[in-house]
Amino acid sequence: MTVHVRTTINAEPQEFLCEPGETLLEALRSRLGLTGTKEGCATGDCGACSVLLDGRLVPACLVLAAEVSGREVLTVEGVATGDTLHPVQQKFLEHAALQCGVCTPGFVVAAKALLDHNDDPTEEQVRYWLAGNLCRCTGYDKIVRAVLDAAADMRGVTV
Amino acid sequence: MSTATKTFEHVGTRPIRHDGLDKVTGRANYGADYALPGMLHGYVVRSPHAHARIVSIDTSAAEAMAGVKAVVTGSDIPKTNAKLVMGEAALDLGAMGDNALAHDKALYEGHAVAAVAATSPEIASAAAEAIRVVYEPLQPVMNVDQALAPDALILHDGMVTKGRPKPDAPTRTNVALRMELTRGDLDKGFAGADVVIERTFTTPMVHQGYIEPHACVARWGEDGQVVVWTSTQGHFVVRDCCAGILGIDAARIKVIPSEIGGGFGGKIPVYLEPVAIALARKAHRPVKLVMSREDVFRASGPTSGTKIRVKLGAKKDGSFVAASASLYYEAGAYAGSPAGAGAMCAIAAYDIPNFLVEAYDIVVNRPKVAAYRAPGAPAAAFAVESVVDEVARRLGKDPIELRLQNAVREGDQAAYGPEFGPIGLREVLEAARCHPHWKAPLVPQPGRKVGRGVACGFWFNAGLNSSATVSLSADGSANVVTGNPDIGGTRVAQALMVSEELGIPVERVRPIVADTDSIGYNDVTGGSRVCYATGMAVIEAARDAQAQLRARAAKIWDVPVEQVGWERGRAIALNGASGREPLTVSELAAKLMHTGGPIIGSATVNAPMAGPAFGAHICDLEVDEDTGVSRVVRYTVVQDVGKAVHPSYVEGQMQGGASQGIGWALNEEYVYDAEGHLQNPGFLDYRMPVASDLPMIDTVIIEVANPLHPYGVRGVGEVPIVPPLAAVANAMHDATRVRFTALPLSPPRVLAALKQRG
């Protein structure tokens, strides 16, 4: 039995067929070619597959593909607008907030989700919000700084 | 602080990395992101037993299933005695092949015994379940004490202790190697000591914890040509390992590296690649293999659990007079722990006239260990730096002062043999002593104790072999090609080196990591060697291109090439040719096709030596005495890096290494039950630091130029994981007055010790 899914991904209508037990992560990567969303654990512990589902931050490995019918999914591929990077993406580059970069898509999506509803977070708020995203390379220092700087940028403040 | 005299125009700046855009937008391709037309999905069958003889494997039911295209077992991997030389070490390809698919025995839980390729992942996993493996379970040997017991089961019949076994060592053994380093007269040394501290320490097996699981795709062509796409720290080594393991000609294998999602040493060995090739050969279709996170924990290459006894003697004035240490390292299922490296690093920071350090490499029924950032050194430093801390307390000395008093300096003979050239240990310790962190008062919060610890760390760093080319375009831009997967920003560093030599803006230099067909040989990305050794190849290649540019200028000016110099990216006329306006790279490049054609600079490097490096870390730890939970509240990393090419990524290495070490100290450990089943093969229960666990990590870059490198560069990536285990444990002692000798300092262990202390 396959399931027919009609959904919106990165502001574009999408249709696909999937197995009932297939995760959103598998569908994004294998069926739709959206490999920016990474699999680090498939158990919801690492955050590498973070996406927004109707604006809410979720790990795509814990969502069934069939569940996104009629809903809106945002992946890392949809975070930039045209040729303009999201401030989080720009600040990650400027602050050298990535090394190997495999956790970066998850962090970009998670940080965007934070700044969507709080454009002036404290360092502690950033650290707790991002506690669901594992990074093994950076020790988080430059990531936290990049997110705080992106928030300032979005508020029109220079730090 | 800098002792480097050379001034730089580009090196030392912080441009945006060239590969950054693809990584923040999700476009960068990692190992699991590759797919080929007609590709099959593989699944690996793994042993549920930690130690078992494989009696039989029946694959017939699996092979009969619709959609199953190939099944392989150990019989598809020839047994071999071949070795692959890598620097002074050699990879045992027989063991690596047996680890990829077991031949006779399963040696740890998760050991691969068979693999399937099928048209979908679901069919592949169903077929894997249909494979009938009959095991004869054996008693597992899970740790050093069990492996050394007189009645211990022997993992490998015929194992003999290499190196310098003790005369009375048993002939049937799990000890693969014993080595020792010795100097002076140990008994006399200890007899002259006023204070002697002796302790035995243990550290658990831990994992590198890279976020990207191992993944590869292999294709076997009708003509026998093989292509492998894989996430690896060294695609040339993947090529040569696969050739040796499978008994095929390396000239038939092309390996294309993906972006690599972390490695830290764990992506040097091959696990999946030979299996994927064997499946692809049988199936006549490309095959993809991806490890699950559980597979990564159970069956890749974590680092050794250790047991280390240290004895240190000092005079009242603080001078160290004698030291002895015995280091026992679990190798996992096959010989090859970093015990020897641990022994060589153990007391490398100190000038001690009398010592004996011995190391044992011991096989146990756990996954075969792989390199993990300064392999062997963190556990050794935990033991030695804890004892140094205790000596300081006993003598009432400041722990940094005591270290400075005994610190090695240029000209000293290192405990591991060679004479030190210029080294920065004293500069590092002095910077730590002057740092505001060291002087700041400790402020306990209500209900919590707070303490401060300090520790040193040392790592040799590696040189090895590298190749690079630098090609100029007619528009004055360039590309720089090497063969080292870029784990942490080495491409932008290499581009900066080309900028420095040729005067081309860094954004007009394109750095590329090429596959095994497209660039000369490069050893692995490891040993903190890429910025150093491959960097040297890049600088030499750029200088080769620069020499060719000077020759073109000479041609344009119609003067002998000796009368053309090079300064800040321009050819300049020297004595005898003066009066001519300098020619920039762009001007020379625009005339390339009229002055002799394209220019490619190339260079290879064979660097037997590197610049050894030291660091010192300061840690403030807050401990909740009611729950045993502790938390790092302030942390400072001071390190001699020789020369920071891109300081942001140097700081990143220092911060990342420190946080891995903090995780090792506080929470991370492999937990096995008595039967050898791993109890925590996931990120929920294998607890790595998350953002809310850590403070900002302050960094102090010290630059004592390494004379072996044209810019003074030393390796950076490994040193920072060496001090944290001891820095955290010393802070814990400062906070609680309990000397912890076993890691991790997890809440239950801390709580139990505090109860015992009363």
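Summary table
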read-out	value
Centre separation in Å (Cα based) which lies between the stretch B:697-744 and the stretch B:454-497	24
Zone of A:Leu62's modelled label, taken as backbone nitrogen in the stretch A:27-45 under 15 Å from a point 7 Å along Cα→Cβ	A:40-45
Carbon/sulfur fraction of accessible area - chain B, other protein chains in place, 1.4 Å, %	50
With every protein chain in place, the stretch A:87-155: carbon and sulfur % of accessible area (1.4 Å)	44
Inter-probe distance in nm under a simple model that places probes 7 Å from Cα toward Cβ, at B:His284 and B:Asp223	1.8
With all protein chains modelled, accessible area of B:Glu259 [1.4 Å, Å²]	40
Within the protein assembly as shown, percent of DSSP bridges classed antiparallel, to nearest 5	75
Per residue value of the accessible surface for the stretch B:227-308 (all protein chains in place, 1.4 Å probe), Å²	21
Rg/Rg_globular for the stretch B:222-372, with Rg_globular taken as 2.2 N^0.38 Å and Rg from C-alpha atoms	1.42
20 Å Cα-Cα threshold exceeded, pairs from B:Lys83/B:Lys307; B:Lys83/B:Lys162; B:Lys69/B:Lys105	B:Lys83/B:Lys307; B:Lys69/B:Lys105
Relative contact order (percent, whole number), chain B, Cα cutoff 8 Å, 6+ residue spacing	15
Computed E for A:Tyr128/B:Asp104 - FRET, C-beta separation, R0 41 angstrom, nearest 0.05	0.20
Reachable aspartates and glutamates from A:Lys91, criterion Cα separation under 15 angstrom, eight or more residues apart if same chain	A:Asp119, A:Asp141, A:Asp149, A:Asp153, B:Asp19, B:Asp22
Where A meets B: accessible area buried, both sides, 1.4 Å probe, Å²	3800
Area of B:Phe460 that stays accessible when all protein chains are in place (1.4 Å probe, Å², to 10)	40
Bridge type composition, the stretch A:3-78 - antiparallel percent by DSSP, nearest 5	90
Quotient of C-alpha Rg and 2.2 N^0.38 Å, computed over the stretch A:87-155	0.95
Cα-derived Rg over Rh, computed across the stretch B:57-131 with Rh taken as Kirkwood radius	1.09
Taking all pairs of distinct alpha-carbon atoms in chain B, Kirkwood radius in angstrom	27.4
Nearest-0.05 FRET efficiency for B:Gln679 and B:Ser60, computed from C-beta distance (R0 30 Å)	0.30
Charge dipole of the protein assembly as shown about the Cα centre (unit charges at C-beta), most positive-ward option of B:Ser386, B:Leu743, A:Ala11	B:Ser386
Solvent-accessible area per residue, Å², over the stretch A:3-78 with all protein chains present [probe radius 1.4 Å]	43
Segment B:Met609-B:Arg687, extension gain: residue separation times 0.36 nm, minus the distance between their alpha carbons	24.4 nm
Heavy-atom surface of the stretch A:87-155, accessible at 1.4 Å and reported per residue (Å²)	28
Protein-protein interface of the stretch B:10-30, residues with accessible area decrease of at least 40 Å², isolated chain reference, 1.4 Å probe	B:Ile16, B:Lys23, B:Val24, B:Thr25, B:Gly26, B:Tyr30
Qualifying GluC sites (Glu not before Pro) in the stretch B:26-116, DSSP loop, other Cβ atoms within 10 Å at most 14	B:Glu88
Efficiency of FRET between B:Glu129 and B:Arg27 - r from beta-carbon atoms, R0 30 angstrom, step 0.05	0.25
Zone of B:Leu751's modelled label, taken as backbone nitrogen in the stretch B:627-653 under 13 Å from a point 7 Å along Cα→Cβ	B:627-630
Reachable lysines, given that their alpha-carbon falls under 28 Å from the alpha-carbon of B:Lys591 and they are not under 8 places away in the same chain	B:Lys555
With eigenvalues of the C-alpha gyration tensor scaled by 5 and rooted, the stretch A:12-158, Å	26, 16, 13
Quotient of Cα Rg and 2.2 N^0.38 Å for the protein assembly as shown, N being how many residues it contains	0.95
Distance between modelled label sites at B:Glu419 and B:Val671, nm, 7 Å Cα→Cβ extension	5.3
Within chain B, percent of DSSP bridges classed antiparallel, to nearest 5	75
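The values are calculated or read from the model by the stated rules, or taken from the named source; none is laboratory data. The model shown is predicted, which means the values in this text are computed figures rather than measured ones. Cβ sites come from the backbone with ideal geometry, for glycine too, and all protein chains shown count toward neighbours. Heavy atoms of the whole protein, side chains included, go into the accessibility calculation; ligands, DNA and RNA do not. Shrake-Rupley method; radii C 1.70, N 1.55, O 1.52, S 1.80 Å.
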